[in-house]
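Peer 1: Take this structure, written in structure tokens, and hold onto it; I'll ask about it next.
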Amino acid sequence: MKDEYDFSNAKRGAVASSKGKTRITIMLDDVVIEAARAMAESEGYGYQTVINNTLRQALLNTKEKTTAHDQYATVANGGHFREGVTASELKSLEKKLSEVLSEIHRVIEP
């Protein structure tokens, strides 16, 4: 390790940029964060990835319906799932996301 480092040409910000992603600040209900963290722990993903994938799926479902194969290809090509994930695994995850989203709607709506 050096005794001194030269940071005169250093730049602030993320060390590695996430292409295709934008950092934002968003206020979410505590119950939404708790549900996302619980799901993330059981699925092995970060909770922000769970939130992103849930939002992505909700937005995809509001658009014109496509075939199931096209939906899974669209999500899988987004780069948020491990390589080699099968269609049945994606379908299972979609079902779990849908259940979590339904629970979130149930808790949020009066």
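The values are calculated or read from the model by the stated rules, or taken from the named source; none is laboratory data. This is a predicted model, so every value here is computed, not measured. With ideal geometry, Cβ positions are generated from the backbone for all residues, glycine too; neighbour counts draw on all protein chains shown.
Peer 1: Where the second residue is among the basic types (Lys, Arg) and surrounded by fewer than 18 Cβ atoms within 10 Å (Cβ to Cβ) and the first is over 14 Å from Leu101 (Cβ atoms) and lies in segment 41-54, which pairs have Cβ atoms under 7 Å and are six or more apart or on separate chains?
Peer 2: From residues that are over 14 Å from Leu101 (Cβ atoms), the pairs are Tyr47/Arg37.
Peer 1: Which of the helices (runs of 4 or more DSSP H) found entirely inside the chain contain at least 2 residues meeting this: at pLDDT below 75 and surrounded by fewer than 12 Cβ atoms within 10 Å (Cβ to Cβ)? Spell out the reasoning first.
Peer 2: Values: elements: 30-43, 47-62, 68-76, 87-108.
By residue number, 68-76.
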